[in-house]
Amino acid sequence: MDTDLHRLISVPSASLICVSSVFICGWFPLQGRWALLLFAMPETRASAYDSKIEGNVIFTRFDAALNWVRKNSLWPMPMGLACCAIELMATAASRFDIARFGAEVMRFSPRQCDVMIVAGTVTYKMALAVKRIYEQMPEPKWVIAMGACASTGGMYRSYAVLQGIDQLLPVDVYISGCPPRPEALLAGLMKLQEKISREKSFAAQKPELTKKLTEAVA
C-alpha cells in the first residue's frame, strides 16, 4: 500500500489565504485485502490578516496622537470682563458654532478647563482673581488674550488698568480688535490648535522617561 497519501500544496508567500487539510479515512477492499485509506483534502480558510482593516489602522507618533486629542477638545474658561465677552458669547451661538472645533464646553469651574479666554479689560483689582483661577486650572493649559484691552490695555492708559494680561500670565494667542468679531476668535482658536499640534507633549510630561529612552536608543 502506498503510504504517500499527502499532496504538498505550495502557497506563495504574498498570498492572503492559508491552506489546511481535512482527512477522510475508511476501510476499503484493495487487491483482495482490506486496506485503510486516508485521503487528504485541501481546505481554504481566511487567514488572520484581513485586508478590510487597512482603513481602520493608523500608524503615528505618540506626540501626534496626544496633541490631536488635545487640540480638538479644548474646554474654555471664559473670563468675560468687559464688552469682548459679548462677542465670546456670540461665538458659542448657532451662527458661528464654536462646537465645530470641540470647544463648546465652557465651564465656570477651573478644574475642568484647559484654555482661559481673557475677554475684556483687566483691572488691577481683578488681576489677582484672574491669576488665582489660572493657577487652579490643571496642566496642560493655555491662554488667549481676546481684544485690545486684554492684550495691551487698549484705550485705558490708567493707573487702574493692567496693560496687558501677559504681564501676569503666559499668553499663547493674541486677538486684535475692539472688540474682535467672533470670526477673529475662531481664527485665534485655530492658531492655538496649530501651536498645540507642534508641542512635544510626551517629553514635557515625562522628561526623565524621555531621557532614558533617548539614551537607550543612542
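Computed from the coordinates by the stated procedures, all read-outs in this text should not be read as laboratory data. Everything numeric here is computed off the predicted structure, so don't read it as measured data. Quick reminder, even Gly has a Cβ in these numbers, built from the backbone with ideal geometry, and neighbours come from all protein chains shown.
Once both labels are positioned 7 Å from their Cα atoms along Cα-to-Cβ, the gap between S158 and D97 label points is 3.9 nm.
Given R0 = 25 Å, the distance between the Cβ atoms of A127 and S197 translates into a calculated FRET efficiency of 0.20. What's the FRET efficiency of A90 with V69 using the Cβ-Cβ distance as r and R₀ = 45 Å, to the nearest 0.05? About 0.95, to the nearest 0.05.
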